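Novice: Quick one: the structure is below, and I'll ask about it shortly.
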Amino acid sequence: EAAIKVALLKFRETRGGLAELDWDNFAANDLSNGSRLLQNNVSVLTFDYWKRGKTIGTESDSLIVEAKLPRLQYPISRNNQENRVEEDRALAEVRSIIAEKEKANSPVGAIIIEPVTFLGNIVATPYYYRKLRETAKELGIPFIVDETRTGVGKTCKMWGHEHWFLDDAPDIVTFGTSAVASGFFTTPDFRPLEQHKLTTIGNGSMEKIVAFKVILDYIKRKRLLDKLEDTSSFIKVELERVNKKKKHFANIRGSGTMIGFDFSSYNETQHFEKYMLKNGILVAMVGPTTIGLRPSLLLEPRHAAYLRDAVIDYNPRYEL
């Protein structure tokens, strides 16, 4: 929420400057009330399957406008042409929404996106994200990457958006969950006034900041991201190999060990989840027909082999 406030404030500034703003009141208010203090109706463009942060409540629904992420065909290497058409369609939809909100006097004041959606495990190609970043820059809209769940190594890079190879860095990147501490970092132009007044979860908690530093040092010292590359490749290759014969699921996708795959029905998905949990393997339903993997950075191929073996043994007719 604090990151969105900073983005909206900057957007309002670039639209002709701010009238006198009660900064203390703006910082202390929730997102919807805070945006009203900017003396201008604004919208925040998000994408379907975005899991909102804990502080962004339903009272902010009037601010949020949603675009659909592209739905790719898998495997990506065999569907490049079809996927490019789909991503261009999704990008055109984003531009259309922005134009509509501008006409409605509720311009889009921020775009926020996850590198891999927590819900649904939806991910596009780097092309899509680069074009989205270019669109935001061209139209003067702050671009926020929500790394709350993808940051700190989950995608085999410290930050998920590193996979996009952007020419221009995001204006704001948020972090939390895996980082222990929570907050955001920005480009110099987006540093807020009196930022200490913007509340975040764990704001001012020195022990969490120290813990974050310890985690980062451990990841670097143990070269966990390099090791996780091997684990990620192992999981994807083995799941593809086993599923080619078993045909339990489809659309294996994701970055690093944030991997997802789809079943044909809710009941099948639920059955698979229960079977895995019964066998001591933690997976999660992250959508009505989607299973997501969210393992620790310490996961190695020898651990992931238990998942592969369980998939080999799995039978959808098992009684649980």
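What follows draws every value from the coordinates through simple rules; no lab data is involved. Keep in mind the model is a prediction, meaning the values are calculated, not measured. Heads up, the Cβs are rebuilt from the backbone with ideal geometry, glycines too, and the neighbour counts pull from every protein chain shown.
Novice: May I ask you to sort 137, 245 by Cβ crowding, counting other Cβ atoms within 10 Å and putting the fewest first?
Specialist: Ascending number of Cβ neighbours within 10 Å: 245, 137.
Novice: I've got another one for you. Using a Förster distance of 45 angstrom, determine the FRET efficiency expected from the C-beta separation of residue 317 and residue 82, and round it to 0.05.
Specialist: 0.85
Novice: Please give the contour-minus-distance gain from residue 102 to residue 48: 0.36 nm per residue of separation, less the Cα-Cα distance, rounded to one decimal in nm.
Specialist: Between residue 102 and residue 48, full extension yields 17.4 nm more.
Novice: Something else now. With the calculation restricted to Cα positions, what are the radius of gyration and Dmax of segment 68-159 in angstrom?
Specialist: Answer for segment 68-159, Rg first and Dmax second: 14.2, 43 Å.
Novice: For the pairs 227/274; 157/222; 154/220; 157/227; 68/131, flag any whose C-alpha to C-alpha distance is greater than 18 Å.
Specialist: 227/274
Novice: Now for a different question. Antiparallel as a % of all DSSP beta bridges within segment 87-189, to the nearest 5?
Specialist: Percent antiparallel among DSSP bridges in segment 87-189 is about 40.
Novice: To continue, here is another question. If I model a spin label at residue 266 and residue 278 as a point 7 Å from the Cα along the Cα→Cβ vector, what separation in nanometres do I get?
Specialist: About 2.1 nm separates the two model spin labels.
Novice: Provide the per-residue ³J(HN,Hα) series for segment 110-118, in order, calculated from phi with Karplus coefficients 6.51, -1.76, 1.60 and θ = phi - 60°, each as a whole number of Hz, with x at glycine and proline positions.
Specialist: Karplus-based 3J(HN,Hα) across segment 110-118 equals 6, 10, 10, 8, 9, x, 9, 5, 5 Hz.
Novice: Give me a comma-separated list of calculated 3J(HN,Hα) values for segment 169-182, in order, Karplus coefficients 6.51, -1.76, 1.60 applied at θ = phi - 60°, integers in Hz, x for any Gly or Pro.
Specialist: Working through the residues one at a time gives 4, x, 5, 9, 10, 9, 9, x, 6, 5, 7, 6, 6, 9 Hz.
Novice: In segment 224-313, if every C-alpha pair distance is counted and binned at 10 Å from zero, what percent goes to each bin?
Specialist: Histogram of Cα-Cα distances, whole percents per bin: 17, 55, 26, 2.
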